[in-house]
Each structure stands twice: as C-alpha cells, then as structure tokens.
1. Does R80 qualify as being under 23 Å from L322 (Cβ atoms) and modelled with pLDDT under 90?
2. For the structure I just gave you, tell me whether L227 is modelled with pLDDT under 70 and assigned to a helix (DSSP H, G or I).
3. Is it the case that the stretch 316-334 has a residue that's surrounded by 18 or more Cβ atoms within 10 Å (Cβ to Cβ) and at positive phi?
4. With the condition kept exactly as written, say whether any residue in the stretch 90-100 is more than 23 Å from S372 (Cα to Cα), in contact with a helix residue (DSSP H, G or I) (Cβ under 9 Å, 6 or more places away or on another chain) and among the β-branched types (V, I, T).
5. Could you say whether any residue in the stretch 21-33 is modelled with pLDDT under 85, surrounded by fewer than 16 Cβ atoms within 10 Å (Cβ to Cβ) and touching a helix residue (DSSP H, G or I) at 6+ places or on another chain (Cβ under 7 Å)?
6. Test A69 against the stated conditions and say whether it is of a type outside the set (F, W, Y), outside the structural domain of A276 (by TED's automatic domain parsing) and not in a strand (DSSP E or B).
7. On the basis of being in the same structural domain as L342 (by TED's automatic domain parsing), polar (S, T, N, Q) and part of a helix (DSSP H, G or I), does S165 make the cut?
8. Tell me the helices (runs of 4 or more DSSP H) entirely within the stretch 252-367 that contain at least 3 residues that are of a type in the set (S, T, Y) and either at pLDDT 95 or above or farther than 28 Å from M211 by Cα (or both).
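The values are calculated or read from the model by the stated rules, or taken from the named source; none is laboratory data. Note that the structure is predicted; figures quoted are calculated from it, not measured. Neighbour counts run over all protein chains shown; Cβ positions are idealised from the backbone, glycine included.
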Amino acid sequence: MTWVAFYSLWLFVFALPWERLVALPGLYIVSRATGALALSLTLFAVVMSGRVRRWRAYHVAAFLFVIWAGVTVWVNGASRIPGKYYTFVQLFVVMWMMWELAPTPERVRRLLAAFALGGFVPALATIGLFIQSRGSLRRFSAAGADPNSLAMTLALVMPIAWYLSLTTQRPLRRWIYRAYIPIGLLAATLTGSRGGMLAWIVALSIIPLTMKLSPGRLAAVMGMLALSAVLLVTYVPENIVERLGSTSSSLQGGGLGGRLKFWIAGLHAFQFKPLAGYGVGRFISAITPELGANALVAHNSFISVLVEEGLIGLILYCSMLLAVFRTVLDLPSLERRFALVLFATLNTALLPLTWEDEKAAWFVMSILLGMSVYRDRKRERNLAQVPGQAMPLTPRLVRTRTLSGDVVHPRDMDGDPAA
C-alpha cells in the first residue's frame, strides 16, 4: 500500500509544473485529483502501519506558520476564510506526505525525476505556442499562465535535471535530462521574464560547480549549451530580446519593474500592524489606502508574509528556510552543491514574486529537507566501516515513531517494511 500511495504522490509532483494547462475556473484538475488520491492512500498506509516518521525543525516551523496564518485571519475578524489559507493547509499536507513516503534516497530521486519530467510539459507547450502564433505575441506562456511564475518554475527544474543527468546510470535518461537545458532555456526566454532570466543564471551555475566530467560528457554538455545559444539567437523575437536587455537599466533605475512602490507601501502598512499583520490574502487591501486602484500583490514573498502575517509570521517563514539551509549543509559533496544551487534559485524566485503559497516553492523546500536521507545513508556507511561498529545494510534500521512510542523497524533498502 505504501508503494501505491507513493506513486500517486509521484503523479501529483509530476503534474505540479503544468497543472495550469488542464484547469477549470478556479480548479486545477490534475493536481487536485492526484493530490486527493495520494492523501487518502497515505493516511490509509499510515493507519495500517501504525507509525509516522519523526518531524524535523522544518516541519515544526511549517506547522506553526500555518497555524499562525489562521490566527491572523481570526484576529483581523475576516468574514470568511480566504482561499490562500486553504492553500497553506494543503501545502503542509503535501509536505508531510513527501516526508512520510520518501524515506530513502531512491524515493527522493524518483520525486526529483517526477518534477523534472513534468517541467518538459509547460516548456514544450510554450514553444508550441510560439510556433503556432508565429511569434506574433509580446510574451509567450503556455495556457495563459503568469510568464514570470512559469520562467521561475522552469528555472527550478534546471538544477534538478542536471543533477539527475549526473547520477543516473541509464544513458537514455541521461540524455533526456540534458535535453532540458536547451528546451527549458528557450521556453523561459520566450516568457520575456527578466527575473526568470536572473533565476536561470543562478540555476546554470550548477554546471561549473559540478563539472567533473569525462571528455565525452564534457563535449556533450558543451554541445547542449551551444545548441541553446543557437536556438536563442535564431528564434527569440526582437521585442523579447529588448525587454530582457532592459534588466540592468531596471535595476539601476531603482524601479525594479514597478515593484518598488508596492514594497514601500507594504512596509508603510506593516508599521500599523507589526505583529499579527492584516491577515492572509489581504496585502492589496492593506496598501490600498496608499496606492488606491493601483494596489497589486506584493511581488515579494517576504514582504507579503510580513504584511499579511506580521513579524511573527515572517520569523516562522524564515525559520522554514533556515531549517532547510542547515539540512543542505550536511549533505554529501555532490548533493550539497546541487541543493545549494537549487536553494539559491528558489530564493531568487521568492524575491520578485508572491510565491509563499506556490506549490513549486514548497516542493523544493520539502524535497531539500527530504534529501537528509542522503546524509543518514552516508553516516550508516561510515559506521559500517569502523571496526566493532559494523551495521548490516539489509535490512536497514530506521527509527520511526509509532502510536505507542519510539521503536526501531527493519526496512529494506527501498524503505519498505522488510518481509
């Protein structure tokens, strides 16, 4: 039953990058359906096994953040619970499912592969839109998704695809993951997102940081990068090139694409409700007295949390990120470099976008935390090499929490209960 629940979660993760491609008004069909199936099967598996994995600091911070978000709604006397709060609850549940169902490096890799393969769908759909419209649009984004969010999501996929290409033993999969470099980069460029291009620069840094390749693999990578450059020069419309070329002037001018006024207005509003904020989903109403009809979302995840959930909410949210960062530092060398680049790419996305309730952002935080099993596996192997401290590799011992207390359960190398 655990395996059935895991693969339903795999489908949910696979659908995350392209959930907006198949949607009804206000409802993303694929992610809702796969998420509901995964949750029901996970709960059934946990009840049948009678055990749950011990939480880490990240889980505690995330749980308190969601609880506090609900408190801010109640304190501000909202007439109804905003949809954004329900999203927080759902994201916490997904994070818990990932923690329960991926207790081994093998399963963590499968979830990474699901997200990477899912990233091909909106990338190819965006390129298809460009071909279909014959380049007549100002910006291109599959299914009308926000171009900036799409570019950021595609940037998050990049280091994952590269890491998988380095660690897979199957040549076909290696080439599939490498193919994401030109495909994803072309699609992200077509969105015309300047912040997305900055995120891509951060994401691409994983290549030189992990460049210990054989001459043949090095030639293949250089070929992929050359192909990416040719595609960009050949097919990207001139208006998008001009827009992306204005990134430096936008930064130097201080306007940051019009975002600065929302940040300043948000900080002014924060002064009046510094602790509990204005409540989840009420950033626009908080800055309306200053900006009037020009008020929009924060375009910065940290300022959005600060205004809506107050200083306490921001501390809890930053505690989540800090817990993930501390986990990343303890990983083995290759995994640590990959995780640091992915973490940096995520934070690059959080700065210009209101992404505190974005599924892709919570997935990245959850999967980086889940990679702590790489560290645990390394410690087990080190102990096995110490005389007098040998540990059997199969079945492996994994400490979990049961309904009656802490016990040690034998598990096989894939994380399933040993027969």
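1. On the way: under 23 Å from L322 (Cβ atoms): no; modelled with pLDDT under 90: yes.
No, not satisfied.
2. Details: modelled with pLDDT under 70: no; assigned to a helix (DSSP H, G or I): yes.
No, not satisfied.
3. no
4. Scanning the stretch 90-100 turns up no residue that is more than 23 Å from S372 (Cα to Cα), in contact with a helix residue (DSSP H, G or I) (Cβ under 9 Å, 6 or more places away or on another chain) and among the β-branched types (V, I, T).
5. Yes, that holds for at least one residue.
6. Details: of a type outside the set (F, W, Y): yes; outside the structural domain of A276 (by TED's automatic domain parsing): no; not in a strand (DSSP E or B): yes.
When the stated conditions are applied, A69 does not pass them.
7. Yes, satisfied.
8. Output list reads 301-329.
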